[in-house]
Amino acid sequence: MTTADLQVLLKRHFGYDQFRPGQEEIISNALAGRNSLVVMPTGGGKSLCYQLPALATGGVTLVISPLIALMKDQVDGLRSNGIAADFLNSTLDNRTAAEVERGAQAGAVRLLYVAPERVSMPGFRRFLGTLDLRMIAIDEAHCISEWGHDFRPDYRTLAELRALFPQTPVMALTATATERVQRDIVEQLRLDDCRRFVSGFDRPNLTYRVEPGAGASDALLDLLEERKGQSAIIYCFSRKDTEELANRLTSAGHPAVAYHAGLDTNTRRLTQERFIDGDVPIVAATIAFGMGIDKPDIRLVVHHALPKSIEAYYQETGRAGRDGLPSECVLFFNEGDRAKQEYFIQSMTGEARAVAERQLQQMVDFCRLSTCRRRYLLQYFGETETREACGNCDTCLAQRQEVDVTVVAQKVMSAVIRTGERFGFAHVGNVLLGKNLKRVRELEHDKLTVFGIVDDYDHDGLRRVADGLVDRGLLSKAEGKYATLSLTREGRVWLRGHDPLTLELRIPEATKRAKPSRTGRGGAVDTVDSALFDRLRALRRRLADEENVPAFVVFGDVTLRGLAAAMPVTTQDMLRVSGVGPAKLERYGEAFLTVIRGHVNSIPPASVDNVLPVRGNVGTPRSTTGHIADDRRLTDTHNRTHQLLQQGLTIAEIATSRGLTHGTVMAHVERIVKAGKTVDLTPLLPARERTERIATALQVTDSDRLAPVKELLGDDYSYDEIRLVRLALQEAKV
Ligand code: ADP
Ligand code: ZN
């Protein structure tokens, strides 16, 4: 398959115009029938790497995914693009599961998602044998390795799957795998002649910041105020903390809910769903939250407690900005947090304890960096070719000032010598500041001449000086927990010579966050008309409610911005916006075009130029501001659905026979009726009594929106039923 062919498939099925780095090669490798290991950071676009081949090869691609909660969203997302996908997991009753299996056997499913535990069931294996299985994709593949951070024993059974289908190519995918974990994945799965595709770990659209923990709540409120209405996760230390924080934030006007492993399954599921759907913007959570979260538009991840390790920090912050738009990661750090973690570590023994201690130390080192944080993270994951400064973390963004530190540097270095070069900065600083502490007295360091000789710097300020001296090579800091300071040879020479010394010190005030800009690095952000954007967002919300799917299944933020920037008024133009493919165009096109046309028509001609897109040529913005024709014509696909309706097929039957989703067929029916064609809806309507109840509810609520009607009727009624009845009523009026 040529590049051009692949591009056509990309636009047709996903609405995208270009591959992301790496995708095309990975896809070609899979299409050539070879095994691959894909290591790509979160948001890099891993899913597409197996989804596109699945569409190109036909047959069934089996997708192993550990998170049951995610499967439905993933499948909904694919279906909204008109892709035949389904899932099998323990949430389905036997009848539904059997239906899904039959569909897969009949060739009506391209992508079948399953949880790993199912793979060890003999019945399931027999079922797999009856499929036209073309590829096996294993998501979160690091779960197979004990060296990874999230080992799952169920993943070990996947090796047996390999043995059963040795000829079927495998694609293993993960966002975090060190070299050792990568080797382990290849070995465990026996991926002979497997090609590895490892793209960097950098997440350029994320800004990393560490702020002092004292007063975290004010700083946190500021942060949330700036990002009002946007999705945020706040990681807390304990269950109790999550609840207290959620209450405090809610009463301060930032609706938040708590999430932790102590809640019952149902509450947890509901909380996740409400967050994913965008009903609650903020979740205060313990680390138990997040594994099940694949929400692309999380704009902020806050650590209100110290993460356990750099891996954990990277993983948790990685949940921000999957859609590539600028997003922020803020860690509030104070020394007390470290003590809390240490308290837990004390109860551990042996190797595990040593590992936990080392990880904590690395995390603390990260917090205390005076150099680029991104560089530290990338080096941690083994990337050696990194820039000195990324320009998008707090240390890179901070303002610095040349400061003459000759006198204070002499004091710091003398104190290091006088205390015997056996202590880390925390203690040396306490001595210099004359802190009356038990430890200082016990060591008799209050008797030293350097005790209390600094009054023009505080502890943090002194630390910055000490760090600066380490950077200059005058002091050396030992690795490990105590980070003992000692003088280097240059340090001793300088101390004897008393030459003037200046350091570039970070100005504390300047560490305050710059206002988040809409045009940050890494995100393709257009200047958008915010009034239009808000209207489009409201429309998205409504459509998502009606279909009972998360908002991003309708359109992601990137696409919504693209629409607001390009303001397409014809279906042709709309199709040119990234993220709009034929399936979504058909399903949602009209609704969005109507809003955009209304908006364009309401702008006085002179001001139209002010809202032109600044980046990318996303279609012809608009031809005139005058009247724009409504595009109500039916296309072939509608006509085919119409024919089948006239032959008396039900919506479900049409969906199956045409390989469309239920929702798409529903949308066809609405369109056909609205276009004035006669359709006998009677056989499609629910039983008489139900139809009557729905009709009454529609009258009572008297709203264009279906959500309130559904609310009135309860879970027993589906949106599709309500739609059909509404349609029948409209038809009756005409
Ligand atoms: P990952 O699984 O690697 O974290 P996803 O597969 O969820 O990432 O993709 C992240 C986002 O990027 C999704 O919103 C996806 O639709 C989008 N995306 C993937 N490939 C492309 C592409 N070629 N062009 C534009 N957007 C893409
Ligand atoms: Zn940086």
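Of note:
- Count of the stretch 421-461 residues, restricted to those that are more than 49 Å from the chain's Cα centre (by Cα), surrounded by fewer than 13 Cβ atoms within 10 Å (Cβ to Cβ), assigned to a loop (DSSP other than H, G, I, E, B) and not hydroxyl-bearing (S, T, Y), is 1.
- Sole residue being within 15 Å of ligand 2 (Cβ to nearest atom), in contact (Cβ under 8 Å) with a residue 24 or more places away in the chain and under 30 Å from L495 (Cβ atoms), chosen from T406, T371, T419: T371
- Within the stretch 176-221, being touching a residue at least 60 places away in the same chain (Cβ under 8 Å) and either among the aromatic types (F, W, Y) or in a helix (DSSP H, G or I) (or both) holds for E179, Q182, I185, V186, F197, F201, Y208, A216, A219, L220.
- When residues of the stretch 455-483 are limited to those that are touching a Ser or Thr at 6+ places or on another chain (Cβ under 9 Å) and farther than 23 Å from V210 by Cα, the one modelled with the lowest pLDDT: G473
- Selection from the stretch 384-403 of residues that are part of a strand (DSSP E or B) and either within 16 Å of ligand 1 (Cβ to nearest atom) or under 24 Å from the mean Cα position of the chain (by Cα) (or both): C393
Conditions tested, residue by residue: (1) at pLDDT below 90; (2) more than 15 Å from P66 (Cβ to Cβ); (3) assigned to a helix (DSSP H, G or I).
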position	(1), (2), (3)
L128	no, yes, yes
L131	no, yes, no
I136	no, no, no
G148	yes, no, no
L158	no, no, yes
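- Among the residues of the stretch 557-580, those that are assigned to a loop (DSSP other than H, G, I, E, B) and buried (at least 22 other Cβ atoms within 10 Å of the Cβ) comprise M567, P568, V569, V577, V580.
- The residues on offer are E273, E226, E244, and the sole one that is farther than 30 Å from D202 by Cα, out of contact with any His (no Cβ under 8 Å at 6 or more places or on another chain) and surrounded by fewer than 22 Cβ atoms within 10 Å (Cβ to Cβ) is E244.
- From the options Q18, Q23, Q74, residue that is within 18 Å of A115 (Cβ to Cβ), within 15 Å of ligand 1 (Cβ to nearest atom) and not β-branched (V, I, T): Q74
- Residues in the stretch 85-108 that are modelled with pLDDT of 95 or more and in a loop (DSSP other than H, G, I, E, B): none.
- Subset of the stretch 17-41 (residues that are in a loop (DSSP other than H, G, I, E, B) and surrounded by fewer than 20 Cβ atoms within 10 Å (Cβ to Cβ)): D17, Q18, F19, R20, P21, G22, A32, G33, R34
- Among the residues of the stretch 344-367, not a single one is more than 26 Å from L220 (Cβ to Cβ), modelled with pLDDT of 90 or more, buried (at least 18 other Cβ atoms within 10 Å of the Cβ) and within 14 Å of ligand 2 (Cβ to nearest atom).
- Residue list for the stretch 586-605, filter: of a type in the set (A, V, I, L, M), touching a residue at least 60 places away in the same chain (Cβ under 8 Å) and crowded, with 19+ Cβ neighbours inside 10 Å: I596
The values are calculated or read from the model by the stated rules, or taken from the named source; none is laboratory data. All of these numbers come straight from a predicted model, not from anything done at the bench. Here the Cβ is made from the backbone with ideal geometry for all residues, glycine too, and neighbour counts use every protein chain on show.
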